[in-house]
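**Q** There's a structure below that I have some questions on.
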Amino acid sequence: MSATAAYGHVGAGTAALQALAQQAQGLGDGDKMIINMGPSHPATHGTVKFILTLDGETVDDIDIHIGYLHRGFEKMCEQGTWQQVLPYTDRLNYVSPLCNNVGYVMAVEKLMGVQITPRCSYIRMLASEISRMTDHLTALAAGALELGGFTPFLYGVEARELLYPLVEELSGARLTASYTRIGGLLADLPEDYESHVLKALDKMLTLMDKMDKLLTKNRIFYDRMIGTGQLSQADAIAYGVTGLMLRSTGVDWDLRKHQPYLHYNELDFDVILGHQGDNYDRYLCRFEEMHQCNKMVRQIFKQMPSGPVNVNDWRTVLPPKSAVYNSIEGMIAHFKLIIDGHQVPPGEAYAAVEGGNGEVGFYIVSQGNGRPYKVHVRAPCFYAMGVLKKLVVGGMLADIVPTFDTLNMIGGEVDR
């Protein structure tokens with residue numbers, strides 16, 4: 001359903017309906033109309049509301065209300081131990097939570113001076129890239145659906161559903177994974193995990209090829225996307241936009257390549273760039289980044305070393321159950337970590353990863369005890385929402401939906 005049909009906006013019906021609407025508000029020809037758009041899913045992603053000032057079908061002004069999908073993430077982090085913060089990071093971007101998991105524990109490990117094992121580093125990269133693909137597939141499928149493409153939506157969701165079981169194999173949960181641990185991981189890879197992943201990726205590529213044939217050169221889809229929601233390089237940089245939105249303007253910036261963390265510097269992949277930063281460029285960049293993720297996952301399996309996934313230090317990682325049940329040292333170490341939490345040295349640290357929508361950064365402050373004094377998240381969707389007004393004002397009412405969709409706003413990340 002189109003946005004005009006969903007909300008009954010001016011211009012959605014005949015000229016007679018428009019005249020009636022103007023008459024009801026005492027408007028004459030050339031007068032502007034103020035209306036509400038949303039909150040409604042999927043067009044405004046559930047919680048967001050736009051107060052629009054329309055000049056006919058043209059957006060003259062927009063007041064963006066980010067809604068109430070807020071839980072006080074940063075304040076809640078002060079109430080638990082350092083490890084108990086981890087499930088909250090899942091809820092920031094619940095479409096690619098594993099990227100958030102990795103970013104947070106990297107910040108804590110940086111402040112603690114913990115060096116993770118090589119195998120742990122590779123598995124974190126693997127989990128992040130699988131999670132990134134689920135994020136991109138969600139955005140691509142939803143974008144097609146909101147412009148009337150129900151068949152490519154089904155292909156995209158089917159592809160995503162091939163990946164969620166892989167996340168569940170790793171962590172035991174499809175969405176809120178909480179897979180990482182300070183100093184390591186919940187567990188090593190399951191048995192035959194590589195074969196499961198490669199089989200899913202092969203099927204995913206087939207489904208993506210079908211989406212490509214239905215969308216990329218589709219005249220209707222192309223005309224709705226090209227030249228709409230255009231973002232300049234200068235505005236992208238000035239507003240702090242990162243990730244795919246920034247790269248769609250032609251700015252060559254990807255943390256995995258330009259500020260490499262884990263072992264990304266050992267992987268061969270391309271940074272995908274756009275040219276004019278419009279909706280079509282963002283669609284193409286997201287589509288091609290899927291192929292780069294697939295390329296990286298296959299390299300990770302080939303290069304991944306054997307060995308432990310957790311550091312050998314019971315002050316950082318919980319001891320095995322056999323030690324907890326059969327030794328006083330193991331029992332005390334378990335008790336201290338659970339009750340008192342990790343004893344993080346006083347100071348502050350910042351660590352960032354390339355998330356599904358851009359730079360996900362965690363700034364943490366410790367007073368030298370088992371609970372955070374401060375955890376601040378630099379969420380990419382918050383910055384994308386800041387630039388949205390520049391993308392839609394002066395454009396058509398109907399173009400708000402594809403523009404908002406290519407931003408891929410995740411409500412949990414705008415928590416303030």
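A short reminder: the numbers here are calculations on the coordinates, not readings from a lab. Here the structure is a predicted model, which is why all the values come from computation and not from measurement. Cβ atoms come from the backbone with ideal geometry, glycine included; neighbour counts cover every protein chain shown.
**Q** Please list the equivalent ellipsoid semi-axes of the range 296-379, computed as the square roots of five times the alpha-carbon gyration tensor eigenvalues, in descending order and whole angstrom.
**A** 29, 24, 9
**Q** Here's a follow-up. Multiply the residue gap between residue 40 and residue 312 by 0.36 nm, knock off their C-alpha separation, and tell me the result in nm, one decimal place.
**A** Gain on stretching residue 40 to residue 312: 93.0 nm.
**Q** Kindly state, to the nearest 0.05, the FRET efficiency for residue 214 paired with residue 363, given R0 = 41 Å and r defined as their beta-carbon distance.
**A** Step by step, r from the Cβ atoms, then E = 0.45.
**Q** Taking the Cα centre of the range 106-198 as origin, work out the dipole magnitude from +1 charges on Lys and Arg Cβ and -1 charges on Asp and Glu Cβ, in debye rounded to 20.
**A** That gives the range 106-198 a dipole magnitude of about 400 debye.
**Q** Right, here's the next one. Among the listed pairs 32/390; 257/374; 210/257, which are separated by more than 21 Å between their Cα atoms?
**A** Pairs exceeding 21 Å: 257/374; 210/257.
**Q** Moving on to the next point. Let me spell out the model: positive unit charges on the Cβ of Lys and Arg, negative unit charges on the Cβ of Asp and Glu, origin at the Cα centre of the chain. What dipole size does that give, in debye rounded to 20?
**A** I would put it at about 740 debye.
**Q** For the range 213-279, give the magnitude of the charge dipole about the Cα centre (Cβ charges: +1 Lys/Arg, -1 Asp/Glu; no others), in debye to the nearest 20.
**A** It comes to approximately 340 debye.
**Q** Could you give the distance between the Cα centres of the range 35-102 and the range 378-392, to the whole Å?
**A** Here the answer is 11 Å between Cα centres.
**Q** How much length would be gained if the chain were fully extended between residue 299 and residue 169, taking 0.36 nm per residue of separation minus their Cα-Cα distance, in nm to one decimal?
**A** Result: 44.8 nm gained on full extension.
**Q** Please give the peptides 303-309, 259-265, 403-409 ranked by average Cβ packing (other Cβ atoms within 10 Å per residue), highest first, as a rough proxy for protection.
**A** For the peptides 303-309, 259-265, 403-409, the packing ranking is 403-409, 259-265, 303-309.
**Q** Now for a separate question. Mind checking the range 155-237 for trypsin sites (Lys or Arg not before Pro) that DSSP puts in a loop (not H, G, I, E or B) and that have at most 12 other Cβ atoms within 10 Å?
**A** Taking the range 155-237 and a limit of 12 other Cβ atoms within 10 Å, the loop trypsin sites (Lys or Arg not before Pro) found are 217.
**Q** Pulled fully out, how much extra length does the chain show between residue 158 and residue 205, if you take 0.36 nm times their separation in residues and subtract their Cα-Cα distance?
**A** 15.8 nm
**Q** Can you pull out the GluC sites (Glu not before Pro) in the range 168-203 that DSSP calls coil and that have at most 10 other Cβ atoms within 10 Å?
**A** The qualifying sites are 191.
**Q** Compute the label zone of residue 374 within the range 85-100: residues whose backbone N is under 19 Å from the point 7 Å along Cα-to-Cβ.
**A** 85
**Q** Can you give the local net charge around residue 167? Use residues other than it whose beta-carbon is closer than 13 angstrom to its beta-carbon, Lys and Arg +1, Asp and Glu -1.
**A** Local charge sum for residue 167: -3.
**Q** Right, another one. Can you tell me the order of 316-326, 34-44 when each peptide is scored by its average per-residue count of other Cβ atoms within 10 angstrom, highest first?
**A** Taking the mean over residues of other Cβ atoms within 10 Å, the ranking is 34-44, 316-326.
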